[in-house]
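**Student:** To start, I am sharing the structure in question, which I have written as structure tokens.
The values are calculated or read from the model by the stated rules, or taken from the named source; none is laboratory data. Computed from a predicted model, the values in this text were never measured in an experiment. Using ideal geometry, Cβ is built from the backbone for each residue, glycine included, and neighbour counts are taken over all protein chains shown.
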Amino acid sequence: MRILILSDIHANLIALETVLRNAGEFDRIWCLGDIVGYGPEPNACVERLRAYDLVCVAGNHDWAVLDKLDLEEFNPDARRAAIWTRDQLAGQNLDWLHSLPEYLPAQADKFTLIHGSPRYPIWEYVLTPAVARINFDFFDTQICLMGHTHVPVLYRYHRDEHTATAEPLPEDIPVALDSERMMINPGSVGQPRDGDARAAFILLDLDTMTLTHHRVEYNILSTQLKMGQANLPMRLITRLSYGW
């Protein structure tokens with residue numbers, strides 16, 4: 001069984017469609033939240049995902065459009081995009097976002113799915129091995145899949161030393177999921193922030209217990225034009241070109 005793992009689509013339909021075309025055959029999608037926010041096509045992204053066999057958790061931008069988070073906690077550009085997104089979303093898509101859980105434990109017996117961190121699923125950023133080490137105590141499965149930072153990374157837990165280390169996810173090279181505990185971030189489909197503007201995703205093979213990180217170029221200019229037509233903040237438009 002092959003699972004397509006996505007995170008932080010951020011209403012970037014062109015990036016999402018490019019990933020779906022390039023992922024090849026897969027049986028299910030696991031989505032780690034932030035389907036909407038920032039980008040120009042929130043309804044289409046929700047509806048495109050819902051057409052698949054899908055397991056999905058909520059992200060902070062999904063909650064923002066639902067008034068589940070205080071928008072004052074967001075920067076002005078994110079706040080403006082969230083308000084615009086809320087006005088655009090159809091009722092059935094808002095209802096679907098409302099239905100998303102904060103986390104999903106024990107997928108395929110080995111995987112916990114969250115957006116931010118196991119400790120604070122919606123909001124905490126796991127950006128360092130020190131924060132990852134603390135969070136290994138907050139989930140029971142072998143592996144936690146998370147998003148939120150828009151940066152692909154793999155954290156390994158070292159039982160003997162009770163420490164965690166970070167390493168970049170190799171591109172197009174399978175990573176074996178043996179007995180080690182790991183926290184893994186696939187990066188962002190719709191707004192990468194690791195200096196690489198290409199959309200990021202992971203393919204998980206449950207038969208071989210390997211996962212492979214991929215990047216794919218998409219038509220950034222077309223997304224930027226749609227954002228401009230929607231009068232979304234210029235900083236959000238510009239940053240897509242640079243992956244930051």
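**Student:** Against the conditions (1) buried (at least 17 other Cβ atoms within 10 Å of the Cβ); (2) more than 18 Å from Leu240 (Cβ to Cβ), where does Gly24 fall short? Just the number, please.
**Tutor:** Condition (1) is where Gly24 drops out.
**Student:** With the structure loaded, tell me whether Pro152 is touching a strand residue (DSSP E or B) at 6+ places or on another chain (Cβ under 9 Å), modelled with pLDDT under 95 and either over 24 Å from Leu232 (Cα atoms) or hydrophobic (A, V, I, L, M, F, W, C) (or both) or whether it fails that test.
**Tutor:** Answer is no for this residue.
**Student:** Here is a list: Val57, Val36, Val46. Which entry is β-branched (Val, Ile, Thr), touching a residue at least 24 places away in the same chain (Cβ under 8 Å) and touching a strand residue (DSSP E or B) at 6+ places or on another chain (Cβ under 7 Å)?
**Tutor:** So the residue among Val57, Val36, Val46 that is β-branched (Val, Ile, Thr), touching a residue at least 24 places away in the same chain (Cβ under 8 Å) and touching a strand residue (DSSP E or B) at 6+ places or on another chain (Cβ under 7 Å) is Val57.
**Student:** Taking the stated definitions as given, is Leu154 in contact with an Asp or Glu (Cβ under 7 Å, 6 or more places away or on another chain), part of a helix (DSSP H, G or I) and either of a type in the set (A, V, I, L, M) or buried (at least 18 other Cβ atoms within 10 Å of the Cβ) (or both)?
**Tutor:** no
**Student:** Name the pairs: first residue in segment 223-244 and within 16 Å of Ala199 (Cα to Cα) and modelled with pLDDT under 95, second residue of a type in the set (Gly, Ala, Ser) and not in a helix (DSSP H, G or I), Cβ to Cβ under 7 Å, at least 6 apart or on different chains?
**Tutor:** Listed pairs, sorted by first residue: Trp244/Gly195.
**Student:** Give the residues of segment 173-199 that are surrounded by fewer than 14 Cβ atoms within 10 Å (Cβ to Cβ) and closer than 20 Å to Asp8 by Cα, sorted by residue number.
**Tutor:** Within segment 173-199, just Gly195 meets the criteria.
**Student:** Another question, if that's okay. Take the residues in segment 180-193 that are under 18 Å from Ala132 (Cα atoms) and in a loop (DSSP other than H, G, I, E, B), then tell me which one is farthest from the chain's Cα centre (by Cα).
**Tutor:** Checked segment 180-193; the qualifying residue farthest from the chain's Cα centre (by Cα) is Glu180.
**Student:** Can you go through Trp84, Trp96 and tell me which one is at pLDDT 95 or above and closer than 21 Å to Arg235 by Cα?
**Tutor:** Matching residue, one of Trp84, Trp96: Trp84.
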